[in-house]
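The values are calculated or read from the model by the stated rules, or taken from the named source; none is laboratory data. These numbers were taken from a predicted model, which means no experiment stands behind them. All Cβ positions, even for glycine, are placed from backbone atoms using ideal geometry, and neighbour counts span all protein chains on display.
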Ligand SMILES: Cc1cc2nc3c(=O)[nH]c(=O)nc-3n(C[C@H](O)[C@H](O)[C@H](O)COP(=O)(O)OP(=O)(O)OC[C@H]3O[C@@H](n4cnc5c(N)ncnc54)[C@H](O)[C@@H]3O)c2cc1C
């Protein structure tokens with residue numbers, strides 16, 4: 001069972017709890033991006049099991065009127081075991097999602113997976129455009145990737161990048177990453193017709209997106225993580241579509257630690273909860 005302290009960031013262990021969370025978000029005007037926690041599988045059985053779970057989940061979403069979609073990780077679908085398995089499992093999910101019209105996002109993992117992820121996205125999005133892929137501003141290749149994606153249907157989620165990448169292929173330091181993020185965002189608003197997703201909690205980035213929207217008219221949405229700036233998510237939803245990334249599942253522990261470690265306030269919150277104060 002997930003302890004109360006982790007429930008700020010993780011909806012629950014079962015798909016039912018994630019769907020219930022999505023219902024509550026929808027009541028507040030916020031959409032849900034459901035992510036079954038799991039990554040870096042070295043055993044095919046794990047990748048196949050999560051693929052089955054996603055197929056069931058998109059069926060469950062399709063049977064409701066929820067504003068909800070899914071986001072999958074390539075290494076969760078077996079990329080560490082080979083590109084073929086990843087593509088096979090992704091195809092199963094996309095085919096099932098197409099039956100119900102559920103949107104499918106693909107998360108972006110570290111730089112060793114970028115080509116395989118973009119190739120797989122390109123392989124599906126022409127026939128099923130209700131898809132999106134994440135790209136990371138901290139990678140030097142990203143402007144080229146955005147140019148490639150501009151010729152395709154589907155959406156792009158622009159994030160700053162969560163992985164510590166080698167310095168020859170990535171930008172380092174908050175200021176530099178913020179600067180290249182803004183450049184990439186401006187390019188995306190100028191170029192993408194199908195819309196841009198802002199995967200960020202940064203108020204500066206979010207207000208810059210609003211300015212770019214006024215200038216270019218490109219549709220956009222803001223995506224934030226469960227448990228982070230939740231009040232802002234609900235406030236923003238009055239002006240722009242907001243989607244909350246909602247992790248769930250029994251592999252919650254490492255995700256929870258990552259969230260706690262990334263911010264001083266979260267460490268204090270966790271310490272207080274453990275000490276009962
Ligand atoms: C929906 C979503 C999906 C993502 N998907 C991916 C992915 O597929 N691949 C990937 O590499 N990365 C992904 N990321 C992570 C992303 O790359 C960043 O590491 C992460 O979002 C931190 O950058 P930031 O822009 O949110 O803000 P930061 O640069 O960390 O912070 C900027 C400002 O935002 C505000 N802020 C940030 N965090 C908080 C907080 N916890 N509480 C209050 N205010 C805060 C503060 O004002 C802060 O000064 C995703 C992020 C989101 C939100």
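Quick one: how many residues across the range 77-99 are assigned to a helix (DSSP H, G or I), more than 21 Å from residue 197 (Cβ to Cβ) and in contact (Cβ under 8 Å) with a residue 12 or more places away in the chain? Give the derivation first.
Taking the range 77-99 first, the residues assigned to a helix (DSSP H, G or I) are 79-81, 83-99.
With the extra rule that they be more than 21 Å from residue 197 (Cβ to Cβ), the set shrinks to 79-81, 83-89, 91-92, 95-96, 99.
Filter again for in contact (Cβ under 8 Å) with a residue 12 or more places away in the chain, leaving 79-81, 83, 85-87, 89, 91-92, 96, 99.
Adding up the residues that qualify gives 12.
Scan the range 193-211 for residues that are over 10 Å from residue 158 (Cβ atoms) and surrounded by 20 or more Cβ atoms within 10 Å (Cβ to Cβ) and report the count.
Taking the range 193-211 as the starting set, the residues that turn out to be over 10 Å from residue 158 (Cβ atoms) are 193-195, 201-204, 206-208, 210-211.
Okay, now just the ones that are also surrounded by 20 or more Cβ atoms within 10 Å (Cβ to Cβ), so none.
Going through the range 193-211 one residue at a time, the tally reaches 0.
So which pairs qualify, if the first residue must be in the range 147-168 and within 22 Å of residue 204 (Cα to Cα), the second must be in a helix (DSSP H, G or I) and more than 9 Å from the ligand (Cβ to nearest atom), the Cβ gap must be under 8 Å, and the two must be at least 6 apart or on different chains?
Every condition considered, the pairs that remain are 156/146; 156/149; 156/188; 158/184; 158/185; 158/188; 163/111.
Does residue 23 count as touching a strand residue (DSSP E or B) at 6+ places or on another chain (Cβ under 9 Å), modelled with pLDDT of 95 or more and either more than 25 Å from residue 155 (Cβ to Cβ) or more than 16 Å from the ligand (Cβ to nearest atom) (or both)? Spell out how you get there, then give the answer.
Values: touching a strand residue (DSSP E or B) at 6+ places or on another chain (Cβ under 9 Å): yes; modelled with pLDDT of 95 or more: yes; either more than 25 Å from residue 155 (Cβ to Cβ) or more than 16 Å from the ligand (Cβ to nearest atom) (or both): yes.
Spelling it out, residue 23 is indeed touching a strand residue (DSSP E or B) at 6+ places or on another chain (Cβ under 9 Å), modelled with pLDDT of 95 or more and either more than 25 Å from residue 155 (Cβ to Cβ) or more than 16 Å from the ligand (Cβ to nearest atom) (or both).
Would you check which residues across the range 104-143 are outside any helix (DSSP H, G or I), within 14 Å of the ligand (Cβ to nearest atom) and more than 16 Å from residue 74 (Cα to Cα) and list them?
Result: 137, 138, 139, 141.
Residue check: is residue 246 over 11 Å from residue 30 (Cβ atoms), surrounded by 17 or more Cβ atoms within 10 Å (Cβ to Cβ) and within 10 Å of the ligand (Cβ to nearest atom)?
no
Being closer than 24 Å to residue 222 by Cα and over 16 Å from the mean Cα position of the chain (by Cα) is the filter here, so list the residues in the range 127-137 that pass it. Outline the logic, then answer.
Just the residues of the range 127-137 that are closer than 24 Å to residue 222 by Cα, to begin with: 128-137.
Residues satisfying the conditions are 128, 129.
If you go through the range 160-184 one residue at a time, how many are surrounded by fewer than 21 Cβ atoms within 10 Å (Cβ to Cβ) and within 22 Å of residue 239 (Cβ to Cβ)?
1
On the basis of being surrounded by fewer than 16 Cβ atoms within 10 Å (Cβ to Cβ) and modelled with pLDDT of 95 or more, does residue 56 make the cut?
It is true that residue 56 is surrounded by fewer than 16 Cβ atoms within 10 Å (Cβ to Cβ) and modelled with pLDDT of 95 or more.
May I ask you to verify whether residue 250 is part of a loop (DSSP other than H, G, I, E, B) and in contact with a strand residue (DSSP E or B) (Cβ under 6 Å, 6 or more places away or on another chain)?
On the way: part of a loop (DSSP other than H, G, I, E, B): yes; in contact with a strand residue (DSSP E or B) (Cβ under 6 Å, 6 or more places away or on another chain): no.
When the stated conditions are applied, residue 250 does not pass them.
Name every residue in the range 60-76 that is under 23 Å from residue 197 (Cα atoms), in contact (Cβ under 8 Å) with a residue 12 or more places away in the chain and either assigned to a loop (DSSP other than H, G, I, E, B) or in contact with a helix residue (DSSP H, G or I) (Cβ under 9 Å, 6 or more places away or on another chain) (or both), in order of residue number. Reasoning before the result, please.
Residues of the range 60-76 that are under 23 Å from residue 197 (Cα atoms), as a first pass: 61-62, 65-76.
From what is left, the residues that are in contact (Cβ under 8 Å) with a residue 12 or more places away in the chain are 61-62, 66-76.
Hits for the range 60-76 are 61, 62, 66, 67, 68, 69, 70, 72, 73, 74, 75, 76.
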